[in-house]
1. Tell me, how many Å apart are the Cα centres for region 1-34 and for region 71-97?
2. Roughly speaking, what % of Cα-Cα pairs in region 1-147 are separated by over 17 Å, rounded to a whole number?
3. Can you work out D for region 156-272 in µm² s⁻¹ from Stokes-Einstein, where Rh is the Kirkwood radius over C-alpha pairs, the temperature is 20 °C and the viscosity is 1.002 mPa s?
4. Want the number for Lys88 to Thr18: 0.36 nm per residue separation, take away the alpha-carbon distance, what's left?
5. Which value, in debye to the nearest 20, gives the size of the charge dipole of region 153-284 about its Cα centre, when Lys and Arg are +1 and Asp and Glu are -1 at the Cβ?
6. Between Ser236 and Asp79, what is the label-point separation in nm under the 7 Å Cα-to-beta-carbon projection?
7. Loop-only trypsin sites (Lys or Arg not before Pro) in region 225-307, please: DSSP not H, G, I, E or B, and at most 10 other Cβ atoms within 10 Å.
8. Over the Cα atoms, compute the radius of gyration (one decimal) and Dmax (the largest Cα-Cα distance, rounded to a whole number) for region 19-92, in Å.
Amino acid sequence: MPVNISGQSYLRLLDFSTEQIEYLLKLSKNFKDLKRTGTPHRYLEGKNIVLLFQKTSTRTRCAFEVGAMDLGMGVTYLDPGSSQMGKKESIEDTARVLGRFYDGIEFRGFAQTDVEDLAENAGVPVWNGLTTEWHPTQMLADILTVQENFNYDIKGKTLVFMGDAANNVARSLMVVCSKLGMNFVACGPKENMPDAELVKTCEAIAAENGCTVKCTDDVKDACTGADVIYTDVWVSMGEPDEVWQQRIEQLQPYRVTKEIMAMAKPTAIFLHCLPAFHDTNTTTGADIAKRFGVTEMEVEDDVFESKQSKVFDEAENRMHTIKAVMYATLQ
């Protein structure tokens, strides 16, 4: 049966079937091929979208803007200080206004309930560019990158997330792996694991798709024989500065090092959704080094710069996969 998600919002991958996710990934590959060959694909000419950002970003904004323009659409960007949403105007009222101006709305912010309220009231597709709970557009870019490195045969492959496995990226990876038949391992401190209810839900999904979900604090057990090692920043945007010391103490054993990569298969790849603190060439990196004596956080620079690292392919793939989501929901 043909897959049709036209008119739907894209808020979290739990709401999408395996077939729908695979359809979006195939569209993403097609759009990447068109982009690489310079083939015009202005399939949505005449439409307009708006990007609502409570949290700033490099990749998300650029991916939506370039992707939309490639498809022939107009784009309006509203940074955290450029709209009245949540201040003088409720999210519901903002949604009803913007839904009359635009054909689609992207939201990148904090509460998942905010993006859900937008979707409920806008009357047009709404896309989740990131919330505290979920990061669904990142997942398609991650999986497309895995596909590209394993000849598009990812069933039965094992992805290990190292670090704060309670965050939005780890939670979303657990869902997408379960949906697509990839084994998922969350490796980190016991207090930084996904909530038990979500683990149980994903275990049931994984069982239907012939894969597994595992949570462990044992690095060797998690990484031995893995196909993908993935990590993320130790402190997410919006979290208080005071948590740095606690996270550094908690998560240092889960830094991705050359030794950890050596535990994985020789063909294993390293992924990170970026930005990454792998050196001191940023104001945050320099500040953390000065305060805590840590020059590399979630990943060693040697790993980040290695041939196994596919982080910039992954970053590029945000554009192609976001383009697929916009096209599939607006066509």
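The values are calculated or read from the model by the stated rules, or taken from the named source; none is laboratory data. Owing to the predicted nature of the structure, the values given are computational and were not obtained by experimental measurement. Heads up, the Cβs are rebuilt from the backbone with ideal geometry, glycines too, and the neighbour counts pull from every protein chain shown. Accessible surface is based on the protein model in full, side chains and every heavy atom, while ligands, DNA and RNA are left aside. Shrake-Rupley method; radii C 1.70, N 1.55, O 1.52, S 1.80 Å.
1. For region 1-34 versus region 71-97, the Cα centre distance is 25 Å.
2. 62
3. Numbers: Rh = 14.2 Å.
Translational diffusion coefficient: 151 µm²/s.
4. Stretched out fully, the Lys88 to Thr18 stretch lengthens by 21.2 nm.
5. 500
6. Here the modelled spin labels are 2.3 nm apart.
7. Working: sites: Arg247, Arg255, Lys258, Lys290, Arg291, Lys307; in loops: Arg255, Lys307.
The qualifying sites are Lys307.
8. Answer for region 19-92, Rg first and Dmax second: 15.2, 46 Å.
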